[in-house]
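A.B. asks: Pasting in a structure now, in structure tokens, and then I'll have a few things to ask.
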């Protein structure tokens, strides 16, 4: 253990691990920012939204799918901001990686505002 304290090989290995973590974090951050932008547009265009809706737009823009659970944070932040609210409805995801699992349908609070004005 003490030998690794001043080991060039250990230092380079630690650097490589750090670079890999930073790259994953940056990619996830880029994905999450893009996903929030997509969600922002969708809540103004549609009365309801699912994660499949967001993934569909991201894919059309060439964004890699990244962490399949990354959108959870995006939807949670949008809910906290009062932009969407959960409905009691679930639909089957059409994404192959979701294996046909149910996904929540979210109601846009901004679409209602736009329609009522």
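A.B. asks: Roughly what % of Cα-Cα distances in segment 26-79 sit above 19 Å, to the whole percent?
C.D. replies: 15 percent
A.B. asks: Which peptide among 8-17, 32-41 comes first, and what is the full order, when sorted by highest mean count of other Cβ atoms within 10 Å?
C.D. replies: Ranking the peptides 8-17, 32-41 by packing returns 32-41, 8-17.
Laboratory data are not the source of any read-out in this text; all were calculated from the coordinates shown. Quantities reported herein were computed from a predicted structural model and do not represent experimental measurements. Note that each Cβ is placed from the backbone with ideal geometry, even for glycine, and that neighbours are counted across all protein chains shown.
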